[in-house]
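The values are calculated or read from the model by the stated rules, or taken from the named source; none is laboratory data. Every value quoted in this text rests on a predicted model; they were computed, and no experiment measured them. Methodologically, a virtual Cβ is constructed for each residue, glycine included, from the backbone with ideal geometry; neighbour enumeration extends over all protein chains shown. Ligands, DNA and RNA are excluded from the accessible area calculation, which covers all protein heavy atoms including side chains. Shrake-Rupley method; radii C 1.70, N 1.55, O 1.52, S 1.80 Å.
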Amino acid sequence: MSAESPGQKQGFKSKFSNALRPKKSRQVLRKGSRSTTEVPLPPGPDLNKPLPDPAPLQAHRLKYKQMHSQVDTQLGERRDYTTMIHSLGLLDPMDNSGPVEEDNENREPGEGDIAKLPRRLWAYIAWFLSPADAASLSLASITLYRRLGFNYFMVLDHPANYDYKMDFLAGIDRDLPRHLLCFPCGRYHRRTQEGTERLKPSHVINPLFNCPNAQNMLNPPPRHRITHGRTLPFSFVQLAMRAHRFGPHYGISVDSLARRWQRDDWSHSSRYLVHDGRLLMRVTSQTFAPAGLPPSSQRLLLHSREDYWPFFSACAHWRDGELMPACKCALNHIPKARDNGGLQAVEHKVKDRWAGRQHDPNALTTLCGFCRPMRRCPECPSEYLIEVKLTEDRSDPRNLQFRQAIVVTRWTDLGDGTTPNTIEWGAVNGQRDDYDSFQHYEKRAIASIFEAAFTADALPGQRIISMNPKQKKQGEKGHDWY
Ligand SMILES: [Zn+2]
Ligand SMILES: [Zn+2]
Ligand SMILES: [Zn+2]
């Protein structure tokens, strides 16, 4: 940690010293301490004076903030339950200052109380905490450091406690805007492209800091595969989430991660959104698909020869379940263009007229009950929608025409960007199997959260079914994925 980041202890200091300060309600029972009865009640409104005219909600908030001080002098609790419930509804959702970070100058410093407790008791308290939390407690104030000592930092440095060390280091992120936590090294590096970091294709060397492990193939930095040749390094998730959490100079904007690219006749576009403190990603991939493809051509259209992964964006569990069969089913619905000459065409026309219908190869393709519903991977926060859409083919500018294209959209949740240990990041990369997406996204789909943020009209009501309803996990040994 360099001289550019002198305040790294302040975040923890305030966090813990605030948390450890005695409650107001207990202060009144102590002899000689400041009691809440001494806090004067705010003066009542002067009825003779014409009141200024604040915005109605703001005025309402001010009024109920004043009522905060009407507390029971003995218990420190609010006497009016209606006020309490009412004020809950008036909490400003944009107000990020939680009770821990609230700075109240009337509070007495808690250092004396910390010092009163014997060293053994503090060690006992730390024993209940994880190694990361124990080290954070030790770092919170000089008194606590004297009580707890340096041992907790030594414990963190043990290779077996690597994940705890990362959790601890991620906790001091706020104090290091010009650095970025490197996971292969387990330390902060100075950002070398501060503020100008740009997401690039995976074959472009794009170091964000000077790292001794940069060339170490055995210890690669965490990244998420988007499609062929495109990955999202975890560093970019960190940068986007830091900027969102703490301010623009901590990273880059979420919008700057969006990209459009083409490869192997597929065109892709990606977009990102922060929702509920986590980074969501949408990748839309499409390619023109001729009608009546035999199974072998369908495979060629969907899978790469390089590694047999699908060309569109897929999570680590794409081989299991019905994602690929649903894609092939959708391809089968593309209407066939008919011969325009010969007896057969006349026969078709007569048949069409007899049935009272008109043949139109550009008609909207209707998918069936198997391939139309949105699919959700049960093991990670990924949702897929398969569509067949008429799309303008611009490959020949002199002859613009509409052709049917298969469009596969994937929405996913990449976690909060603190460490790669988050359950979402682990699940989406197939590194853990304790994630249940139907439990985490029980009420609302990732897709509808995402689309509602960008368009006024939300996604048409789609049924969401499991991508792997039978929960069979065969991976490459399965029969349906290719
Ligand atoms: Zn490094
Ligand atoms: Zn179908
Ligand atoms: Zn998955």
For Phe246 paired with Lys477, estimate the spin-label separation in nm (one decimal), with each label point 7 Å from Cα along the Cα-to-Cβ line. 4.7
Got a sec? Which residues in the stretch 230-270 would a label at Asp163 touch, if it sits 7 Å along Cα→Cβ and we count backbone N under 20 Å? 234-235, 238
Which net charge results for the neighbourhood of Thr365, defined as the other residues with beta-carbon distances under 9 angstrom from its beta-carbon, given Lys and Arg at +1 and Asp and Glu at -1? 0
Enter the accessible area of Ser285 (Å², nearest 10), with the probe set to 1.4 Å and all protein chains included. 0
Can you tell me the accessible area per residue over the stretch 220-477, all protein chains present, probe 1.4 angstrom, in square angstrom? 50
Each label sits 7 Å from Cα toward the beta-carbon; between Thr231 and Thr192 the label points are separated, in nm, by 1.8
Each residue of the stretch 156-167 in order: what ³J(HN,Hα) in whole Hz does its phi give by Karplus 6.51 cos²θ - 1.76 cosθ + 1.60, θ = phi - 60°, with x for Gly and Pro? 4, 6, 5, x, 5, 9, 4, 5, 5, 4, 5, 4
Full-extension gain in nm, Asn399 to Leu129, via 0.36 nm per residue minus C-alpha separation: 90.4 nm
Using 0.36 nm per residue of separation minus the Cα-Cα distance, give me the extension gain between Tyr308 and Arg120 in nm, one decimal. 61.8 nm
Relative contact order %, the stretch 220-477, counting alpha carbon pairs below 8 Å whose residues are six or more apart: 21
Can you give the FRET efficiency for Glu111 and Arg463, using 1/(1 + (r/R0)^6), R0 = 56 Å, r = Cβ-Cβ distance, to the nearest 0.05? 0.40
Counting C-alpha atoms alone, how compact is the stretch 145-225: give Rg to one decimal and Dmax as a whole number, in angstrom. 15.0, 51
For the stretch 220-477, what percent of Cα pairs sit more than 28 Å apart? 39
Quick check: at a probe of 1.4 Å, how many percent of the accessible area of the stretch 220-477 sits on carbon and sulfur atoms? 49
His203-Arg223 pseudo-label distance in nm [points 7 Å out on the Cα-to-Cβ vector]: 1.3
Assuming R0 = 41 Å, can you tell me the calculated FRET efficiency for the pair Asp264 and Lys443, based on Cβ-Cβ distance, to the nearest 0.05? 0.65
Residue order for Phe236, Phe153 - accessible surface, 1.4 angstrom probe, largest first: Phe153, Phe236
Where Lys and Arg each count +1 and Asp and Glu each count -1, what net charge lies around Arg120 among other residues with Cβ under 15 Å from its Cβ? +4
